[in-house]
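Quick notes on the structure that follows.
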Amino acid sequence: MPSTSTAIEWTDATWNPTTGCHKLSSGCAHCYAAQLAPRLASMGQNGYTDLPWTKPNAKDNVFLHEDRLTQPVRWTRPRRIFVNSMSDLFHELVPYGFVDKVFAAMSLSPQHTFQILTKRPERMRDYLNDEETRTRVEMAMDVMSQELHGLGQFLGEWPLPNVWLGTSVEDQRAADERIPHLLRTPGAVRFLSCEPLIGPVDLDLESIHWVIVGGESGPGHRPIQAGWVRGIRGQTEASGVAFFFKQWGGLRPKSGGRELDGCTYDEMPDTYLTRA
């Protein structure tokens, strides 16, 4: 089965073992996934409803897709894969037992690099600091490997070197609340997604390897200011952190272009860089 192609500039493909979420903060106000879900539901696609993405509706909007778990294991061509572009792997309605299976699939797919982005880094921190997580993932790997007609397998490096862990930072409040949790999370690569950037931010970039910045798009989008973007670029340059400028945003995602001061910034972290 082919991977799902995507127009997201910083990844090659998307993989959605879970779908659905609920809006959590100001950065979620114009969430593209929440806007797209009712359209997908009307087309009969599994895992979506026409219910608004509110917390009370989350029990009906969040779906776990067991049938999608082994998809990346079967994709032979190496690629960067955004995990859950239509959800949040660490949503509170996604049980750790299912997250174990997602990590098992990623461990069985060392040809790929997986990018996990969450607005709930405190739950990701707790999961990856849990002393029992590695054992549970090994057990899930063994079951999954046998289902794929392979031999039982066990984890090598932990945390997984092919998994990048990130959190969303739309403004200073989100930065102050979320970055400390990410910094306490074991990971080969940690990153920040400042998209949609809706205000200036001072970032704690210690043990951060990559920063993505982007403006909001779509009807009612909140304009981004060049000074905010330059401010983050300056912080990454001073800290030796990779900087990726995704878009200015506008009514359409591509309408504002991607150049900042005449340059396009497509920097990526070194997969094996560890400064934890």
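Read-outs: derived from the displayed coordinates by stated rules, not from any lab. Predicted model only: the values in this text are computed from it and were never measured. Reconstructed Cβ throughout: ideal geometry from the backbone, glycine too, with neighbour counts over all protein chains shown.
Results, tabulated for the structure shown:
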read-out	value
Square roots of 5 times each gyration tensor eigenvalue, C-alpha, the chain, largest first, Å	29, 23, 17
Space enclosed by the convex hull of the alpha-carbon atoms of the stretch 224-265, per residue, Å³	60
Solution diffusion estimate, µm²/s, Stokes-Einstein, the stretch 80-165, Kirkwood Rh from C-alpha pairs, 4 °C, viscosity 1.567 mPa s	98
Convex hull projection area averaged over all views, the stretch 56-116, Cα basis, nm²	4.2
Derived scalar couplings ³J(HN,Hα) [the stretch 54-66; Karplus, 6.51 cos²θ - 1.76 cosθ + 1.60; whole Hz; x for Gly, Pro]	9, 4, x, 7, 4, 4, 9, 9, 8, 10, 10, 10, 4
Amide hydrogen neighbours beyond the local backbone of residue 260, cut-off 5 Å, H modeled	265
GluC sites (Glu not before Pro) restricted to the stretch 140-179 and DSSP loop, no more than 11 other C-beta within 10 Å	157
Whole-number percent relative contact order across the chain, with pairs defined as alpha carbons under 8 Å at least 6 apart	14
Under 5 Å, built H, 5+ apart or other chain: amide partners of residue 16	84
The stretch 118-276 - charge dipole about Cα centre, Lys and Arg +1 at Cβ, Asp and Glu -1, debye rounded to 20	500
Calculated SAXS-style log₁₀ I(q)/I(0) at q = 0.23, 0.27 Å⁻¹ - the stretch 144-189, Debye, Cα scatterers	-0.83, -0.96
Per DSSP, loop trypsin sites (Lys or Arg not before Pro) in the stretch 148-216 with at most 16 further Cβ within 10 Å	184
Cleavage-rule hits, GluC sites (Glu not before Pro), the stretch 70-136, DSSP coil, Cβ neighbours within 10 Å at most 13	92, 131, 132
Cα centre as origin, Lys/Arg/Asp/Glu Cβ charges: the chain dipole, Debye	600
Volume per residue of the C-alpha convex hull in the stretch 16-129, rounded to whole Å³	109
For the chain, the longest site-free run once chymotrypsin sites (Phe, Trp or Tyr not before Pro) in DSSP loop states with at most 13 other Cβ atoms within 10 Å are removed	1-153
Under 24 Å between alpha carbons - lysine pairs in the chain that sit 8 or more apart or on different chains	10
CD proxy at 222 nm, helix term only [per DSSP H run n ≥ 4: -39500 (n - 2.57); per residue of the chain; nearest 500]	-8500 deg cm²/dmol
